[in-house]
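A.B. asks: Let me begin by handing over the structure; questions about it come next.
The values are calculated or read from the model by the stated rules, or taken from the named source; none is laboratory data. If you're wondering where the values come from, they're calculated on a predicted model, not measured in any experiment. Backbone-built Cβ (ideal geometry, glycine too); neighbour counts: all protein chains shown. To get the accessible areas, we keep the full protein, side chains included, count just its heavy atoms, and leave off ligands, DNA and RNA. Shrake-Rupley method; radii C 1.70, N 1.55, O 1.52, S 1.80 Å.
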Amino acid sequence: MTRPKAVQPTTARSHRLLALTLRGGLMDGLKLELAPGLNCIIGARGTGKTTVIEFIRYALDLMPSKEADPAGRKRIESLLERNLAGGLLEVRFETRDGLTYSASRVLNGYVVVFDHSRKRTPIQLRAGGFLRANIYSQNEVEWIADQTLSQSDLIDTFESQRIAEVQSQIRQAEARLAENSH
């Protein structure tokens, strides 16, 4: 008699940050290996928790736009100038398909993406939407909590592809209605 095979739960894979390293700058030699799942950065005031988060955001080209949040952008740029000057940031990450890349960036420079064998790639993180990540500082989280529209926008980011498909269907239906009205 054969026993039925256990059903394995299907889990949706996602991109994953693996490590942050810094060569040069105020935190020269910093190397953070990140665990799968939840990572917490805990420390007293002024120990660099926010700086680490902003390093990751900057290296992945996920800075807030100057138009949407000029004060937040200026605050982050100032923090980067104080802590990164002369340094090189590198964030290693794994895609949902299991491919490993590194994104490197110096202050006021462009993001350069390398593959697992350290060969430069043409990948552009932000422009192509290659790596989707939501990174927020403590102040941004508090602001989102106070703004209903911001909460809705945040929730929408988790279903952005589906929302785009529905919006496309709506535009097509409107076009057919306009055609039909003539």
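A.B. asks: What is the gain in length, in nm to one decimal, between ILE123 and THR100 on full extension, counting 0.36 nm per residue of separation less the C-alpha to C-alpha distance? Working shown, then result.
C.D. replies: On the way: separation 23, 0.36 × 23 = 8.28 nm, distance 1.26 nm.
Once the chain is fully extended between ILE123 and THR100, it gains 7.0 nm.
A.B. asks: Need the full-extension length gain, VAL166 to LYS74, defined as separation in residues times 0.36 nm minus the C-alpha distance. One decimal, nm. Let's see the in-between values first.
C.D. replies: Details: separation 92, 0.36 × 92 = 33.12 nm, distance 3.57 nm.
Working it through step by step, the gained length comes to 29.6 nm.
A.B. asks: Moving on. Treat each spin label as a single point 7 Å out from the Cα along the C-beta direction, and report the LEU177 to ALA44 distance in nm.
C.D. replies: 6.2
A.B. asks: Can you list the HN-Hα couplings for region 78-86, worked out from phi with the Karplus curve (6.51, -1.76, 1.60; θ = phi - 60°), rounded to whole Hz and with x for Gly and Pro?
C.D. replies: Those phi angles translate into 5, 4, 5, 4, 6, 10, 10, 2, x Hz.
A.B. asks: Cα gyration tensor of region 38-146, axes a ≥ b ≥ c as square roots of the eigenvalues: rounded (a/c below 1.5), prolate (a/b > b/c) or oblate?
C.D. replies: On the way: a/c = 1.56, a/b = 1.51, b/c = 1.03.
Taking the square roots of the gyration eigenvalues as a ≥ b ≥ c, region 38-146 is prolate.
A.B. asks: Follow-up. Would you please give the FRET efficiency between ASN134 and ARG82, computed as 1/(1 + (r/R0)^6) with r the Cβ-Cβ distance and R0 = 22 Å, to the nearest 0.05?
C.D. replies: Working: r = 25 Å, r/R0 = 1.12.
Result of the calculation: an efficiency of 0.35.
A.B. asks: Can I ask one more? So how much accessible area does SER14 have, in Å² to the nearest 10, using a 1.4 Å probe?
C.D. replies: Result for SER14: roughly 70 Å² accessible.
A.B. asks: For ALA145 and LYS66, FRET efficiency with R0 = 25 Å and r from the beta-carbon atoms, rounded to 0.05? Mind showing how you got there, number by number?
C.D. replies: Details: r = 24 Å, r/R0 = 0.94.
In this case the efficiency is close to 0.60.
A.B. asks: Quick one: which residues, 5 or more positions from LEU18 or on another chain, have an amide H under 5 Å from its amide H? H modelled 1.01 Å from N in the peptide plane, none for Pro or chain starts.
C.D. replies: The list, which skips near neighbours in sequence, is ARG92, PHE93, GLU94.
A.B. asks: What is the sum of charges around PRO64, taking Lys and Arg as +1, Asp and Glu as -1, for the other residues whose C-beta is under 11 Å from the C-beta of PRO64?
C.D. replies: Result for the local shell: 0.
A.B. asks: Sorted by mean Cβ packing within 10 Å, highest first, what order do the peptides 66-79, 93-106 take? Show your work: numbers first, answer last.
C.D. replies: Details: 66-79: 13.2, 93-106: 16.2.
Going by the mean number of other Cβ atoms within 10 Å, highest first, we get 93-106, 66-79.
A.B. asks: Determine the share of region 39-137's accessible area contributed by carbon and sulfur atoms, expressed in whole percent, with a 1.4 angstrom probe. Don't jump to the answer; show the numbers that get you there.
C.D. replies: Details: 2930 of 5700 Å².
Ligands and nucleic acids excluded, carbon and sulfur give 51 percent.
A.B. asks: Could you sort THR50, THR148 by accessible area so the largest value comes first, with the probe set to 1.4 Å? Kindly include the intermediate steps, with their values, before the conclusion.
C.D. replies: Working: THR50 65, THR148 110 Å².
From most accessible down to least: THR148, THR50.
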